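All remarks here apply to the structure that follows.
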Amino acid sequence: MACKGGADGLTETQTQQKELEEKVKVILQAFASGSAHHHSLLLELWRLEHAGFCLKGLTQLGPSFCVLDANRPWLCFWILHSLALLGEQIDVELGFHVVDFLSRCEDPRGGYGGGPGQMPHLATTYAAVFSLVTIGGDHALASIKRERILDFLLQMKDPSGGFRMHKNGEIDVRGCYTAIAVAHILDLLLPPVIAGVAEYISSCQTHEGGIGGEPGAEAHGGYTYCGLAALVLINQAHHLDLPALLNWAVFRQGNVEGGFQGRVNKLVDGCYSFWQGGIFPLLQMLPEQLLLHGTVKRHDEDTISPMNELNTSAECSRMASVSAASLFRAIKDGRSKHVIYEIDEGCPPQGSSSDYTNFLADYKRCPLFNTQALQGYILLCCQVLEGGLRDKPGKARDYYHTCYCLSGLSIAQFSLARSLSALPLPSSVLGPFDNLLSATHPLCNVVLDKYYDANRFFSSTSPQ
């Protein structure tokens, strides 16, 4: 069925896109016309306001949040992870209260529900487990009943290789990711859990290159992240057509806005700063041969070129041409250039069973998207003065978008670092260097120190 056009001949989608671009251009125009001091102020991350917004939500929520009654572990995760990214610690007593609450959400047969007494669900199990990992410490980590979690994961396992989200529930790529991520952090990646996952996820990759929620569905940023991350966690990313996935993902970044859209012909949304932006560090970690149809030509050049100055020339400042891509130029380095050549016989085959987790210590190539433009969108268009972050200009703040805008900001800031644990150069952090967040692990979206603490804790204990 053809889309109905308006009086100006534009479809509803085109009209919404035009309206959003105009809103963003007003913000970028005001930014571009200011002084250097003005730029510094506008690009500041409002840490105290965001932390205050999050801390308030962890202790008291208004009656409007009753619609999220089945998502209470998610509220814990969104808030706790946001605070961790901001470098904020919650006090011990509050941490104990959260652990106690999440324990009440645990089902006696395994898994966590959306609230006390609710049916266990893979999504809220992921949220509860990674909330406890983010709190950290023996008390929080020991509260996770690993043997029960394993039983629950196996109960949700489907013969297709995928996972049901809950008993008799839907099977989709979210289920694969949440199950595999939980099994990974709890050291439960056993053969029965992994079996068939790669085949199921690869069946969800579309002709576009991205991954849909289930076979035959449209490619979507959230599902593409989930599918790729799950396969990297089980060392089977070679089951995907990775060049096609990369090609799809890079074109989801808006030229005018700098943020990411979740699907073709959709508006950018701050949450995709992570769901789409988080795809690229995973691809950066993989062997080059998996991303290319042939070998890679390396160019001799300076390790990192100087950051381009903000382009505030008269040409750029004109309303018609101002955009995030023109104001915030991508930073380049000399690690790898994606030039396609004939396949080198010496390259490992695409189906190689290399252990990709061996590559997770280092980024093998330069950022694959414009990290500066993404930071610009988050800082200029998604921050709310009273604290919290939002989808886009004109929308209200919420904890979900606060979490994933900050997660995406961290990903962008660290994308030029040479390893997960290395600090980025000041030039890769847009605005004051005080904007630098804690690094988040791109496979699990939990801050690095908490990830490694949990990894040590669970690898040294047996399920019980």
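Here are the numbers:
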| read-out | value |
| --- | --- |
| In segment 143-199, the GluC sites (Glu not before Pro) that fall in loop regions by DSSP, at most 14 other Cβ within 10 Å | E170 |
| Tensor-based shape of segment 393-464 (alpha-carbon gyration tensor, a/c under 1.5 rounded, otherwise prolate or oblate) | oblate |
| Volume of the Cα convex hull of segment 201-288, divided per residue and given in Å³ | 85 Å³ |
| Net charge of neighbours whose Cβ lies under 13 Å from the Cβ of A230, counting Lys and Arg as +1 and Asp and Glu as -1 | -1 |
| Separation between Cα centres of segment 228-243 and segment 59-94, rounded to whole Å | 31 Å |
| Summed side-chain charge close to V92 - residues other than V92 whose Cβ falls under 13 Å, Lys, Arg +1, Asp, Glu -1 | -4 |
| Fraction of the pair-distance distribution of segment 1-155 above 25 Å, Cα-Cα pairs, percent | 52 percent |
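Each value in this text was obtained by applying a stated rule to the coordinates, not by laboratory testing. Quantities reported herein were computed from a predicted structural model and do not represent experimental measurements. Here Cβ is always computed from backbone atoms with ideal geometry, including for glycine, and neighbour counts include all displayed protein chains.
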